Amino acid sequence: MSQMTSNTRLLDWVEEVRELCGPDDVVWCDGSQEQFDLLADKLVAAGTLKKLNPAKRPNSYWAHSDPRDVARVESRTYICSRLESDAGPTNNWRNPEEMRKHMTELYSGSMAGRTLYVVPFSMGPVGSPFSMIGVELTDSPYVVLSMSIMAAVGQAVLDELGDRGDFVPCLHSVGQPIKPGEQDVPWPCDPDETVIAHFPESREIWSYGSGYGGNALLGKKCLALRIASAVARDEGWLAEHMLILKLTSPRGEVHYVAGAFPSACGKTNLAMLVPAVGGWKVETVGDDIAWMRFGEDGRLWAVNPEAGFFGVAPGTSQRTNPNALKTLTKNVIFTNTALTHDDDVWWEGLTDEVPEGLTTWKGEAYDPASGPAAHPNARFTVSAAQAPQIAQEWQRPEGVPISAILFGGRRASLIPLVSEAHSWEHGVFLGSIVASETTAAAEGSVGNLRRDPFAMLPFCGYNMGDYFAHWLATGARADVSKLPRIYLVNWFRKGSDGSFLWPGFGDNARVLAWIVDRLEGRVGAVETPFGRTPKLADLNTDGLSIEPSALEELCSVDRRLLVSECESIEEHFSTFGDHLPKELAHQLDQLREQLLEVVD
Ligand code: SAT
Ligand code: MN
């Protein structure tokens, strides 16, 4: 297909990349179903995709990657700002000119024997003033298909771009040119040379060597978080790694809630939650990214810039996330799950029994002795529009007004089930100290805590100390009475016997219900060092078998454990040097004062 735009910046850039990378031909993606199906057929013929059993899962495909290319590679992800201090202590930094030189060498001839696809995409609905347009040039048809699910792509985006419109150039090559006479492999990649580079000042993304997920679908983490966070800082809004859900109470009150959780804390499950308490309804607006800005009414409005879900399959089941299973019945690309004998997919946790005759994500006959059947980071890629629980307003250009923001981590001790921040500033402090334990930490042990502020550690496109300051400034210029309230939540608290105190999943709706009661001014609270926690009688426990002592423990803060927590926070804060806002140091001082009270 020939070009479908007269945007000269785009045309010049495509030509420049064609000369550099040397593909055999150039194909423009129009976003049509015909083109999608043609590419899928081509990938089936090449062995990259397998068509799943249409009687079981219509129009769905299974891919299994090179075993060396299975996840994002943070160690090879760079923020290439002019100044190293603008990337900050949590990012890898390279001088932009040096990086361009290095990657230009990598890209030279890298698409030989392949097709260069031009994928115009819009993060956010086409035409919304809040959307951002990108164009991904890629030599991976798998990426084209995935991008077509995760974003609006094609001619409508080019029409919106027009002759002079601006876009974020996103260059991607799997980095495995096909030499004359050579056979292609099903999953080309170049793991030894993989680089994912972001140029926040010129708003460009260059990715080389990986075909997987966040390394290759450049609209997602690269554009909608790393580049967008830098743009948001400059323009006075927030680009966040947050779900957005719509909550309706039995009284018909509607509240929209945003939430940031590090990976493996059940963010997708929460976004798609089926409440265990009668009369409550949760609908999904987004499961991964929220762009938030103040509306004319002074409230904070959030948009989900994505059009699909790129979720982790293992652990997804009828018990943990029935809505996800309903969403995955057709039109899905699965990557690195296991394959059943009758060409359907399976993963650990989907059923208690392991089906006979499985093929593993590596394409081998399943043998329990040689690891899981599905890769732990196996993914599904599916359009959000076909989710039964999608909120009708999920693509509203102006977004939804946020009432509450949740920050959560996986903490076996200390952090209560839920606590409400005293103020925006206190809430920013709580967001800045979000942490997750990689294993069940011994009481008081903080050795295996990973701080993941705002769940943005791998996704903040600039100095994270400055990012904290940006959050503080955002609150400071708002009408306080209209700001969302901020909550710290922890579904993972353990009792002395090492078992979870809280059932989680659908029962997390009980915590959401308490938050709504707080927002509506119906209930009081108890002061703790981390903010206000529920009076136990105010938590809806109908139908829940939980000991009162367990509830009490869940909502309590063991002040003795605060000693090591404060030390750990101090160490975490010290990494930001003079980029740490003084307000956060002050908040830590206030937390320390709680210690003095204990000693007294
Ligand atoms: O691969 S992605 O970055 O899109 C998903 C994730 O790792 O969180
Ligand atoms: Mn994510």
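The values are calculated or read from the model by the stated rules, or taken from the named source; none is laboratory data. Quick caveat, the model's predicted, so the values are computed rather than measured. FYI the Cβ positions are ideal-geometry reconstructions off the backbone, even for glycines, and counts take in every protein chain you see. Only protein heavy atoms, including side chains, enter the accessible area calculation; ligands, DNA and RNA are left aside. Shrake-Rupley method; radii C 1.70, N 1.55, O 1.52, S 1.80 Å.
Annotations
- All lysines inside 27 Å of K582 as judged from Cα atoms, apart from same-chain residues fewer than 8 positions distant: K482
- Counted by Cβ distance under 14 Å from E182, the other residues give a net charge of 0, where Lys and Arg count +1 and Asp and Glu count -1.
- Averaged per residue, the chain has 39 square angstrom of accessible surface, using a 1.4 angstrom probe with ligands and nucleic acids left out.
- Packing rank of 225-238, 316-329, where each peptide gets the mean count of other beta carbons within 10 Å, highest leading: 225-238, 316-329
- Within the range 520-600, the trypsin sites (Lys or Arg not before Pro) that combine a DSSP coil assignment with at most 16 other C-beta atoms in a 10 angstrom radius are R522, K535.
- The overall shape of the range 171-305, judged from the alpha-carbon gyration tensor, is oblate: a/c is not under 1.5, and a/b is no greater than b/c.
- Proximal lysines to K179, defined as alpha-carbon separation beneath 30 angstrom and excluding residues fewer than eight positions away on the same chain: K42, K50, K51, K101, K362
- Those lysines that a straight Cα-Cα span of less than 21 Å connects to K267, excepting residues fewer than 8 apart in one chain: K220, K221, K246, K281, K326, K494
- Cβ-placed point charges (K, R +1; D, E -1), dipole of the chain about Cα centre in debye, nearest 20: 840
- Of the accessible area of the range 308-384, computed with a 1.4 Å probe over protein heavy atoms only, carbon and sulfur atoms account for 50 percent.
- Taking the range 308-384 and dividing mean pair separation by its residue count, relative contact order in percent (alpha carbons under 8 Å, at least six apart): 47
- Looking at the range 153-221 alone, DSSP beta bridges between its own residues are antiparallel in about 55 percent of cases.
- Residue-by-residue Karplus 3J(HN,Hα) for the range 383-391, coefficients 6.51, -1.76, 1.60, Hz, glycine and proline x: 5, 5, 4, 8, 6, x, 9, 5, 6
- Between the range 208-258 and the range 456-514, the Cα center-to-center distance that results, in Å: 15
- Helix content alone sets the calculated 222 nm mean residue ellipticity of the chain: runs of n ≥ 4 DSSP H residues at -39500 (n - 2.57) each, divided across all residues, give -7500 deg cm²/dmol.
- For the chain, the antiparallel share of DSSP beta bridges with both residues in that region comes to about 65%.
- Between R114 and D24, I178, the built amide H atoms are under 5 Å apart, and every one of these is 5 or more places off in sequence or on another chain.
- Dipole of the range 308-384, positive direction: furthest Cα of I333, A369, V354, with charges on the beta-carbon: I333
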